[in-house]
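Each remark here refers to the structure printed beneath this line.
The values are calculated or read from the model by the stated rules, or taken from the named source; none is laboratory data. Because the structure is a prediction, the values reported are computed rather than measured. As a convention, Cβ positions derive from the backbone with ideal geometry for all residues, glycine included, and neighbour counts pool all protein chains shown.
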Amino acid sequence: FMTVGHKIPMLGLDNAFDEPALREFHRRTQRGTGLESIDYACELKIDGLAVSLQYEEGILIRGSTRGDGFTGEDITHNIKTIRQLPLRLPEKKTIELRGEVYISRDDFERVNRLRRETGEGPFANPRNAAAGSVRQLDPRIAAGRRLKIFLYGLGEHDLDVKSHMEILDYLVSLKLPVNPHRELCRGIDQVRAYCHRWQEERLHLPYEIDGVVVKVNRLEMQDLLGHTARSPRWAIAFKYAPEEASTRVKDIVVS
Ligand code: IVH
């Protein structure tokens, strides 16, 4: 694969594994902004693979992986197999979009069934299946995996926008796939309720999530908070414990 440099680094997210850590994030945000009440944009954290998409004058010209955050791999040939992604936008816009490529639970089962039939080892989880698929040299293999995508943000752009929710609404207006379960939460108690609700409801989703992403909604406040070398100070991932299952060992063959 050719390498692609990210002019704006693709950062990761800090994690909060429990409620006290979420409240600590809120207190830090209050201190950093000097604001008492803060609006957060809450989104599902899709368990897939981060990608960047470059549209030039409305035409999809490149798709790349996150890689180390500064340099990724050119996966345009596979990105173009994602049927939800328009090759041409309704506007002649030059814009970099960011999102998560994933594979649905149904397609994951189907792909693994096929792999077992052909003697290939099954993928351990949908994330590995998505990651393995975008790194195929032959786009026909990626097409057969029926990859999907949710867009959740921007890289380089010239939009005049004031909030994260406004960005997502703009992407929807371009007929791009944005997760429908996003919500504007006014204050940390509403964020807490959102996180708890999705802990249960995630089991009914047709794709896997591993948490919720909580983002300060106002872009002015995001700029004020800035970022560390690894992650923005204006966002956090509230992570759910991974699903657990038991395995019965039926036999051991000593050799
Ligand atoms: S925002 C600077 N939103 O989570 C903030 N990330 O652990 C960039 N992810 O690398 C990320 N769903 O691959 C964001 N709704 C969402 C997401 C999301 C999944 C992934 C993304 C990122 C990783 C961070």
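Got a sec? Which of GLY72, GLY12 is within 14 Å of the ligand (Cβ to nearest atom), closer than 28 Å to ALA241 by Cβ and out of contact with any Asp or Glu (no Cβ under 6 Å at 6 or more places or on another chain)?
Testing whether each residue is within 14 Å of the ligand (Cβ to nearest atom), closer than 28 Å to ALA241 by Cβ and out of contact with any Asp or Glu (no Cβ under 6 Å at 6 or more places or on another chain) leaves just GLY12.
Do we find a residue being part of a strand (DSSP E or B), under 20 Å from the mean Cα position of the chain (by Cα) and either closer than 27 Å to ASP138 by Cα or not basic (Lys, Arg) (or both) anywhere in region 18-30?
Within region 18-30, not a single residue is part of a strand (DSSP E or B), under 20 Å from the mean Cα position of the chain (by Cα) and either closer than 27 Å to ASP138 by Cα or not basic (Lys, Arg) (or both).
Please determine whether any residue of region 134-146 is outside any helix (DSSP H, G or I) and within 16 Å of the ligand (Cβ to nearest atom).
So far as region 134-146 goes, yes, one or more of its residues are outside any helix (DSSP H, G or I) and within 16 Å of the ligand (Cβ to nearest atom).
When you check SER52 against the structure, is it outside any loop (DSSP other than H, G, I, E, B) and among the small types (Gly, Ala, Ser), yes or no?
Against the criterion (outside any loop (DSSP other than H, G, I, E, B) and among the small types (Gly, Ala, Ser)), SER52 qualifies.
Conditions first: (1) under 23 Å from ASP210 (Cβ atoms); (2) part of a strand (DSSP E or B). LEU60 passes all but one, so which condition is the exception?
All conditions are met except number (1).
Kindly evaluate LEU184 against the criterion of being within 13 Å of the ligand (Cβ to nearest atom), in contact with a helix residue (DSSP H, G or I) (Cβ under 7 Å, 6 or more places away or on another chain), within 18 Å of TYR40 (Cα to Cα) and in contact (Cβ under 8 Å) with a residue 60 or more places away in the chain.
So LEU184 fails the test.
GLY99 - would you say it is at pLDDT 95 or above and farther than 21 Å from TYR207 by Cα?
The answer is no for GLY99.
Any residue at all in region 46-60 that's among the charged types (D, E, K, R), within 13 Å of the ligand (Cβ to nearest atom) and within 14 Å of the chain's Cα centre (by Cα)?
Yes.
Is it fair to say ARG98 is in a helix (DSSP H, G or I), within 16 Å of the ligand (Cβ to nearest atom) and either more than 28 Å from HIS6 (Cα to Cα) or not hydroxyl-bearing (Ser, Thr, Tyr) (or both)?
no
Based on what the data block shows, is VAL216 away from the ligand (no atom under 14 Å from the Cβ), more than 29 Å from ARG110 (Cβ to Cβ), at pLDDT 95 or above and in contact with a Phe, Trp or Tyr (Cβ under 7 Å, 6 or more places away or on another chain)?
Judged against the criteria, VAL216 is not a match.
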